[in-house]
Each structure stands twice: as structure tokens, then as C-alpha cells.
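Heads up: the structure comes next, in C-alpha cells.
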Amino acid sequence: MAEGVRRKFATDLGVSTTGFAGPGGGTSADPVGTAYIGLAHAGGCDVVRWGWIGTRAEVMNRTAKVALNAVRLVLLK
């Protein structure tokens, strides 16, 4: 998804998030609270898996903050 964002908008970076924030969904391999963050850049694409505990809002909030922090770190390089 992050690579698609980067291509579609012709940007230097593309970021994406997906996962199971709850309260439903999830699988035994990816339980509720699992989030994936993708960051596409000129050097390729990095994907990180996170496992959060908390409410749907907490999972979504933490995921968004980590994704934005990843963008910030790339921009600082």
C-alpha cells in the first residue's frame, strides 16, 4: 500500500497502516491489536509489525503515532 501511495501521488515517501484494531477481527497469527506500518522510499519499502494491547482507539492512535514518527525519522536523515 505504501508503494502504491508513493506512485499514485508521485511523492518521495508513502506511508500505510493496516491491521486489526478490534474489537472484532484478527486471527491466531494476527490477533486483535496487530498493526502493520509500511513506509516506501527511494531505497525500497520497510514494513514493521506491532502488537498493541488496548481499546480500538488506543491501537489506532498508537499506530498513527508510530507511522508519523517513522516519516519524521526518514525526513531527518
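The values are calculated or read from the model by the stated rules, or taken from the named source; none is laboratory data. Remember, predicted model here, so these are calculated numbers, not experimental data. Positions of Cβ are backbone-derived with ideal geometry, glycine not excepted, and every protein chain shown enters the neighbour counts. Just so you know, the surface numbers come from the protein's heavy atoms only, side chains and all, with ligands and any DNA or RNA stripped out. Shrake-Rupley method; radii C 1.70, N 1.55, O 1.52, S 1.80 Å.
Just a few scattered comments:
- Counting only protein heavy atoms and using a 1.4 Å probe, the accessible area of LEU13 comes to about 40 Å².
- Surface accessible to a 1.4 Å probe, per residue, for the residues of the chain, Å²: 67
- Where trypsin sites (Lys or Arg not before Pro) fall in DSSP loop in the range 1-71, at most 16 other Cβ within 10 Å: none
- Helix axis angle, 56-76 relative to the chain longest principal axis, alpha carbon, degrees: 20
- Whole-angstrom Cα spans of the range 1-69 along principal axes, big to small: 35, 21, 17
- Within a Gaussian network of the chain (alpha carbon springs, distance under 10 Å), most fluctuating of THR17, THR27, THR55: THR27
- Calculated from backbone phi, Karplus (6.51, -1.76, 1.60) coupling profile of the range 32-40 in Hz, x at Gly/Pro: 3, x, 7, 9, 10, 10, x, 9, 9
- Within-12-Å neighbourhood charge of THR18 [Cβ basis; K, R +1; D, E -1]: 0
- Rounded to the nearest Hz, the phi-derived 3J(HN,Hα) couplings of the range 45-55 under the Karplus curve 6.51 cos²θ - 1.76 cosθ + 1.60 (θ = phi - 60°) are 9, 10, 10, 10, 9, 10, x, 9, 10, x, 6, where x marks glycine and proline.
- Interchain or long-range residues, amide H under 5 Å from ALA21's placed H: GLY33
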